[in-house]
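Q: Got a structure for you, questions after.
The values are calculated or read from the model by the stated rules, or taken from the named source; none is laboratory data. Not measured: the values here are computed from a predicted model. Reconstructed Cβ throughout: ideal geometry from the backbone, glycine too, with neighbour counts over all protein chains shown.
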Amino acid sequence: MSLALQVSNRLILLITLFCLSTASAFAKCEEVNFVSEDVDKTEKAEACFMSDPTYFISRNCQDLSCGFIKDLKKIEHEVEAGMRPGAILCEMLGGSLESVIYSRVNFTVRRCLFEKDKSFISLNLLESWDGEKFRGPSTPVDL
Amino acid sequence: MPRAIPHASWKFQFPPIRPRMKYFTLSLFILSIAHGQTKLEVQDGATPFPGAVPRMTKEACTSVDISDGLGPVRNQTAGTCYAFTAVDLMNYNNPDRYSALHLATKMQQKLRSPGKTCPNDPEPGPYTTFDYIGGFHGGLVHQSIATGMKEGLCPESILPSSDGVLKKDYLKVLAYYQGVIGECELPQSSKSVDFADIREALESSTRFSSEKVQEELRRMYPVLSPVTIETLAAQSSSSDEFVKKLTQESCTGQTKTGVPPGKSPANIKNFNNMVRKDCVRTFVDEGRYQMLEEINRALSGGIPTAVSYITGGLIQPPKERSHGFHGGIVAGRKWIGGKCQYLIRNSWGPDWKVPAGLKARSSAKHPGYFVATEEQLLEHVFGTTSIE
């Protein structure tokens, strides 16, 4: 293989790696109708989804720059007994819980809402926060 | 990834955890029974009881799935996993679907802190029902089952158990507008929830007349009329009394024996593997294998087992000084990837999944369940209960 070809291949590899490392964790952003199961309300909103449709965040937060993400980076919460961790985090961040159904799933999903800037995040995504980024879902086991 | 934990044991003094959690911790240890010889001191959340050696073989790990008899996964939200777990066992293959909320309310009225025996123990005193609705108090599964069997329980259709946080918020706001509690008692989350409809209904001449309020009340207390709820609120001198009256009124004449067909309290089998001595909690090494034998024996006989376990590192990120006690039901088993893996029912709703980077993984077939290996169970479970 010529030296030029080797350099070219390495460059392509580097560019690919760079693109992968900077790509958003969210596979797709789209407008979704969230139908609340708590109150009589249907809200149309832009949400960004991971490959698992129960992991989503409002579009204004996909770059992790919105208000509650900044708070999330600061708080240190304890592991509590029994209660769903996302519900505790949501309350600590000053959000409110809401059960919603939407076109991508056929069951109720919980999200945390922030009235101030109309941002939101699903509890599943919130629970996958590792202090720096959202880890997303684990690979499911066939059982 | 969970951080590495040095294998050498170190003494675990009670951390400055939230007072509500201490009640559970204290009651758990006081009632614990020790078995076996070797004692390990509890490590932190990532691997609380390290050094487990899996013993199951492929032949012994036959495929079992008894989740169908447990019904859909519910959402406990508040710290009442013990009640949901206990009722799940009682409801298994039982046409009478009991209310976990009713059992938790009964247990909450019985739970009291016995007083300070260690530096960080809570002051002695009773719980309140409102604490239970939004709180983190734990309880013991076998005691809860015995109470349910002895005193009877209301069906789930009379007293729905899910939506703890919303229920707490709603009732607190309702109590606030009734003048039963002050603003400072309102939960943080309720302040950002739109309760304008409640205000509108309560400030109008016909209280509870708002359609939205009535709809919500019907969901929470389906057999009570808005007029009855308003009367009970007026008769209550505290938010705690208000909730007790709502529960009592709903369940009057509706309570069933609470004993699953063909069972009695004598059928409750309980095993606990953690003890507290001199304010240090310890785990009995050999006992964990006995617990796993109990789980496997029950599964082979088509019986679910309730497990008490430490969530840190397993289904929640580990924290240096707090563990996260929780309860669930072992509902299946299968040999996958050279390991015996177990299907465990959680009570955080069907949408809940295990995040990446933790030991356990989500179930591909059962929403709201997770899967843990034999080794992970040995390292995190500290108690089992079943109705044999």
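Q: Collect the residues in the range A:41-56 that are under 14 Å from A:Glu31 (Cβ atoms) and among the aliphatic types (A, V, I, L, M), keeping them in residue-number order.
A: A:Ala45, A:Ala47 - these are the residues of the range A:41-56 that are under 14 Å from A:Glu31 (Cβ atoms) and among the aliphatic types (A, V, I, L, M).
Q: Taking the condition surrounded by fewer than 17 Cβ atoms within 10 Å (Cβ to Cβ), more than 11 Å from chain A (Cβ to nearest Cβ), assigned to a loop (DSSP other than H, G, I, E, B) and at pLDDT below 85, does B:Lys58 pass?
A: Numbers: surrounded by fewer than 17 Cβ atoms within 10 Å (Cβ to Cβ): yes; more than 11 Å from chain A (Cβ to nearest Cβ): yes; assigned to a loop (DSSP other than H, G, I, E, B): yes; at pLDDT below 85: no.
It is false that B:Lys58 is surrounded by fewer than 17 Cβ atoms within 10 Å (Cβ to Cβ), more than 11 Å from chain A (Cβ to nearest Cβ), assigned to a loop (DSSP other than H, G, I, E, B) and at pLDDT below 85.
Q: Within the range A:103-137, restricting attention to residues that are surrounded by fewer than 20 Cβ atoms within 10 Å (Cβ to Cβ) and more than 9 Å from chain B (Cβ to nearest Cβ), which residue is farthest from the chain's Cα centre (by Cα)?
A: Once the filter is applied, the top-ranked residue is A:Asn106.
Q: For the range B:276-322, which residues satisfy the criterion of being outside any loop (DSSP other than H, G, I, E, B) and farther than 17 Å from B:His380 by Cβ? Don't jump to the end; show me each part of the working.
A: Going residue by residue through the range B:276-322, those that are outside any loop (DSSP other than H, G, I, E, B) are B:276-277, B:280-300, B:305-310, B:312, B:316, B:319, B:322.
Result: B:Arg276, B:Lys277, B:Val280, B:Arg297, B:Ala298, B:Leu299, B:Ser300.
Every residue, every condition in (1) touching a strand residue (DSSP E or B) at 6+ places or on another chain (Cβ under 6 Å); (2) within 10 Å of another protein chain (Cβ to nearest Cβ), yes or no:
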site: B:Arg276; (1), (2): no, no
site: B:Ser308; (1), (2): yes, no
site: B:Asn346; (1), (2): yes, yes
site: B:Ser363; (1), (2): yes, yes
site: B:His366; (1), (2): no, yes
site: B:Glu374; (1), (2): yes, no
site: B:Phe382; (1), (2): yes, no
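Q: Looking at B:Gly332, B:Gly337, B:Gly327 in this structure, which one is modelled with pLDDT under 95 and either touching a strand residue (DSSP E or B) at 6+ places or on another chain (Cβ under 7 Å) or more than 7 Å from chain A (Cβ to nearest Cβ) (or both)? Talk me through it step by step, then tell me what you get.
A: Numbers: B:Gly332 fails: modelled with pLDDT under 95; B:Gly337 fails: modelled with pLDDT under 95.
The unique qualifying residue is B:Gly327.
Q: Kindly indicate the residue of the range B:269-291 that is farther than 15 Å from B:Phe325 by Cβ and of a type in the set (Lys, Arg) and also nearest to the chain's Cα centre (by Cα) among those meeting that condition.
A: Filtering first and then ranking leaves B:Lys269.
Q: If you don't mind, another one. I need every pair where a residue in the range B:352-371 that is surrounded by fewer than 20 Cβ atoms within 10 Å (Cβ to Cβ) has its Cβ under 6 Å from the Cβ of a residue that is not basic (Lys, Arg), sequence separation at least 6 or different chains.
A: From the range B:352-371, the pairs are B:Ala356/A:Gly136; B:Ala356/A:Ser138; B:Gly357/B:Met1; B:Ala364/A:Pro140; B:Ala364/A:Asp142; B:Pro367/B:Pro350.
Q: So A:Ala45 fits all but one of (1) at pLDDT 95 or above; (2) assigned to a loop (DSSP other than H, G, I, E, B); what number is the exception?
A: (2)
Q: Something else about it: Any chance you could count how many residues in the range B:372-387 are surrounded by fewer than 24 Cβ atoms within 10 Å (Cβ to Cβ) and charged (D, E, K, R)?
A: The qualifying residues number 2.
Yes/no matrix, rows are residues, columns are (1) surrounded by fewer than 17 Cβ atoms within 10 Å (Cβ to Cβ); (2) free of Cβ contacts under 8 Å to residues at least 24 places away in the same chain; (3) closer than 26 Å to B:Thr105 by Cα; (4) of a type in the set (S, T, N, Q):
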{"site": "B:Asn267", "(1), (2), (3), (4)": "yes, no, yes, yes"}
{"site": "B:Asn272", "(1), (2), (3), (4)": "no, no, yes, yes"}
{"site": "B:Arg281", "(1), (2), (3), (4)": "no, no, no, no"}
{"site": "B:Val284", "(1), (2), (3), (4)": "no, no, no, no"}
{"site": "B:Gly287", "(1), (2), (3), (4)": "no, no, no, no"}
{"site": "B:Leu292", "(1), (2), (3), (4)": "no, no, no, no"}
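Q: Among the residues of the range B:235-253, what is the count of those that are touching a helix residue (DSSP H, G or I) at 6+ places or on another chain (Cβ under 7 Å) and part of a loop (DSSP other than H, G, I, E, B)?
A: Summing the residues that are touching a helix residue (DSSP H, G or I) at 6+ places or on another chain (Cβ under 7 Å) and part of a loop (DSSP other than H, G, I, E, B) in the range B:235-253 gives 1.
Q: Quick check on my filter: what residues within the range A:78-137 are part of a strand (DSSP E or B), among the hydrophobic types (A, V, I, L, M, F, W, C) and without any contact (Cβ under 8 Å) to a residue 60 or more places away in the chain? Give the steps one after another, and end with the answer.
A: In the first step, residues of the range A:78-137 are kept if they are part of a strand (DSSP E or B); the result is A:96-101, A:109-114, A:119-122, A:129, A:134, A:137.
Adding the requirement that they be among the hydrophobic types (A, V, I, L, M, F, W, C) leaves A:97, A:100-101, A:109, A:112-114, A:120-121, A:129, A:134.
If the condition is that a residue be part of a strand (DSSP E or B), among the hydrophobic types (A, V, I, L, M, F, W, C) and without any contact (Cβ under 8 Å) to a residue 60 or more places away in the chain, then A:Leu97, A:Val109, A:Cys112, A:Leu113, A:Phe114, A:Trp129 are the ones that fit.
Q: So for the range B:150-158 (the condition being within 12 Å of chain A (Cβ to nearest Cβ), part of a helix (DSSP H, G or I) and modelled with pLDDT of 70 or more), does at least one residue qualify?
A: Taking the range B:150-158 and keeping what is within 12 Å of chain A (Cβ to nearest Cβ), we get none.
No, the range B:150-158 contains no residue that is within 12 Å of chain A (Cβ to nearest Cβ), part of a helix (DSSP H, G or I) and modelled with pLDDT of 70 or more.
Q: I'm told A:Met83 meets every condition in (1) out of contact with any Gly (no Cβ under 9 Å at 6 or more places or on another chain); (2) at the interface with another protein chain (Cβ under 7 Å from one of its Cβ atoms); (3) hydrophobic (A, V, I, L, M, F, W, C) except one. Can you identify the failing condition by its number?
A: So A:Met83 meets the others, but not (1).
Q: Hey, any hits in the range B:325-336 for a residue that's in the same structural domain as B:Pro72 (by TED's automatic domain parsing), over 21 Å from the mean Cα position of the chain (by Cα) and in a loop (DSSP other than H, G, I, E, B)?
A: Restricting attention to the range B:325-336, the residues satisfying the condition of being in the same structural domain as B:Pro72 (by TED's automatic domain parsing) are B:325-336.
From the residues that got through so far, the ones that are over 21 Å from the mean Cα position of the chain (by Cα) too are B:333-336.
In the following step, the residues that additionally are in a loop (DSSP other than H, G, I, E, B) were identified as none.
No: zero hits.
Q: Tell me which of these B:Ile295 doesn't satisfy, since it passes every other one: (1) closer than 24 Å to B:Gly51 by Cβ; (2) within 10 Å of another protein chain (Cβ to nearest Cβ); (3) at pLDDT 90 or above.
A: Among (1) closer than 24 Å to B:Gly51 by Cβ; (2) within 10 Å of another protein chain (Cβ to nearest Cβ); (3) at pLDDT 90 or above, the lone unmet condition for B:Ile295 is (2).
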